[in-house]
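Here is the structure we will look at, set down as structure tokens.
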Amino acid sequence: MRKSRATWLSRISTVEMLFTATVTLVASLIGSWLKQLPVLNLFGALILALILGMLLQFPIRIGYVGRNDARRAGVKDAAGLISNKLLRLGIILLGFKLNLHVLFTQGLKCLPIALVVVTFTIVVCYAIARALHIDPMLAILTAGGTGICGAAAVMGLSGAIKVSDERQNEKDDDITMAVAIVAIMGTVFALLEIALGPLTGMTHNQLGLVAGASLHEIAHAVAAGAAFGAVDIATIMKLSRVLMLVFAAIAIAVWWDRFHAEVEPDGKRSIAFPWFMLGFIAASVIGTFVPFVSGIAPHLVDAAYVVLGMAMAALGINVNFKAIASKGRKAVLASFLASILLTCLTMGIAVLFF
């Protein structure tokens with residue numbers, strides 16, 4: 001225990017950690033500011049923080065790291081630690097965004113739809129991805145991001161996937177790739193729905209439901225819902241899908257352990273369970289039913305996005321562009337095809353039940 005604690009302290013009490021934490025915090029804050037601008041609001045703060053982290057990789061490499069191998073290793077380790085630990089903290093804090101009273105009253109009809117939509121999309125997107133010979137880790141992360149809530153879902157589900165230290169870089173690249181893919185798909189389909197939705201003859205409420213049930217990021221659903229004058233139903237439908245993240249993370253943790261868990265040298269399997277999702281649930285309950293906390297819940301959600309933005313920027317700093325270029329194209333196709341099927345399914349549900 002003492003050795004583990006000493007190792008932990010040695011990793012966080014370095015100049016490289018202070019430098020990387022400062023850079024990622026600034027990137028996260030800038031991303032939060034940029035999301036308020038027209039067009040950029042479709043991407044959301046997390047995607048913008050990831051892009052900034054990717055862009056900052058070059059000046060960091062040239063101006064700070066240089067040929068200093070120790071400094072390079074220190075920045076890499078610090079960014080990995082930030083992306084790993086702050087991811088879990090951010091997901092827990094994001095639970096304060098879920099008002100369970102609203103979901104289980106106004107959104108009662110949306111919950112079964114969310115269950116069907118999320119299950120359908122994850123299964124179909126994963127099947128398409130595997131048919132295209134995409135590795136299981138990237139396939140399930142892309143499927144989860146497409147089916148649930150974009151970047152936050154990718155990061156949340158990544159906690160259910162345990163890999164060896166040797167594959168951690170591969171996992172980080174897959175997370176970055178999946179986040180980028182769902183950001184692109186969500187933006188494309190948001191613009192398509194806003195442009196073509198009124199031509200379908202569907203009512204405003206039906207279009208709002210489709211936006212909340214089919215678009216990937218919360219920012220996409222809100223933007224499309226606002227364009228249709230149905231932002232409330234779009235938001236409630238989207239948050240119903242966000243709630244499914246808890247069940248999806250647990251299911252994927254069990255599935256990954258059974259079919260893809262790695263065997264350690266001592267013969268034991270490397271098992272992961274997303275315990276932080278229990279913190280997500282607890283935050284939802286506290287934020288909904290504790291009066292004092294419910295009053296400051298919006299500020300806690302803002303803090304969640306800052307923390308998650310830091311994790312995203314840290315992923316961007318460590319991203320391997322060659323790996324993304326070689327593996328990403330088929331995953332884009334899988335998400336695109338699944339997004340088309342998802343949109344068709346939600347349109348059918350909206351017409352039949354709303």
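For this structure, a couple of remarks:
- For the chain, the longest principal axis of the Cα atoms and the long axis of helix 218-228 meet at an angle of about 20 degrees.
- Once both labels are positioned 7 Å from their Cα atoms along Cα-to-Cβ, the gap between Asn169 and Lys322 label points is 0.9 nm.
- Length gained on full extension, Thr22 to Asp232: 71.9 nm, using 0.36 nm per residue less the C-alpha separation.
- Once you reduce the stretch 108-138 and the stretch 159-208 to the center of their Cα atoms, the two points are 12 Å from each other.
- Sequence-ordered 3J(HN,Hα) estimates for the stretch 126-141 from the Karplus curve with 6.51, -1.76 and 1.60 and θ = phi - 60° stand at 5, 5, 5, 4, 5, 5, 8, 6, 7, 5, x, 5, 5, 4, 6, 5 Hz, glycine and proline given as x.
- Potential extension, Ala73-Val116 segment - 0.36 nm per residue separation minus Cα distance: 11.0 nm
- Cα gyration tensor shape of the stretch 1-105, rounded if a/c is under 1.5, else prolate or oblate by comparing a/b with b/c: oblate
- Overall form of the stretch 209-351 per C-alpha gyration tensor (a/c, 1.5; a/b vs b/c): oblate
- Point-to-point label distance, Val188-Asn41, nm (Cα→Cβ direction, 7 Å offset): 2.5
- Principal-axis tilt of helix 2-12 within the chain, Cα atoms, nearest 10 degrees: 70
- The chain: relative contact order as a whole-number percent, Cα under 8 Å and 6+ apart: 33
- Between His101 and Phe259, the modelled labels are 4.1 nm apart [label points 7 Å from Cα along Cα→Cβ].
- Acute angle (nearest 10 degrees) that the helix 204-214 long axis makes with the longest principal axis of the chain, alpha-carbon atoms: 30
- Peptides ranked, highest mean first, by Cβ atoms within 10 Å: ranges 301-314, 156-169, 206-219: 206-219, 301-314, 156-169
- With θ taken as phi - 60° and the Karplus curve 6.51 cos²θ - 1.76 cosθ + 1.60 applied, the whole-hertz 3J(HN,Hα) list for the stretch 320-331 is 9, 5, 5, 5, 5, 5, 7, 9, x, 5, 5, 5 Hz, x standing for glycine and proline.
- Between Trp275 and Leu132, the C-beta separation translates, for a Förster distance of 25 Å, into a calculated FRET efficiency of about 0.15.
- Here Lys109 is the anchor, and the aspartates and glutamates within straight C-alpha reach of less than 19 Å, apart from those fewer than 8 places off in the same chain, are Asp232.
- Accessible solvent surface per residue of the stretch 51-109, calculated while the other protein chains remain in place, 1.4 angstrom probe, Å²: 54
- Residues in the stretch 109-115 carry Karplus couplings, in order, of 6, 7, 4, x, 5, 4, 4 Hz; the curve used is 6.51 cos²θ - 1.76 cosθ + 1.60 with θ = phi - 60°, and Gly or Pro positions show x.
- Over 23 Å (Cα to Cα) - which of Lys171/Lys322; Lys35/Lys171; Lys162/Lys238; Lys97/Lys327 fall in this group: Lys35/Lys171; Lys162/Lys238; Lys97/Lys327
- Identified option (computed Cα extents along the principal axes in Å; candidates [x] 62, 47, 38; [y] 60, 50, 38; [z] 52, 51, 40): [x]
The values are calculated or read from the model by the stated rules, or taken from the named source; none is laboratory data. Just so it is clear, the model here is predicted, and its values are computed rather than measured. Every residue, glycine among them, receives a Cβ derived from its backbone with ideal geometry; neighbour counts consider all protein chains shown. Heads up: the accessible areas ignore ligands, DNA and RNA and are worked out on the full protein's heavy atoms, side chains in. Shrake-Rupley method; radii C 1.70, N 1.55, O 1.52, S 1.80 Å.
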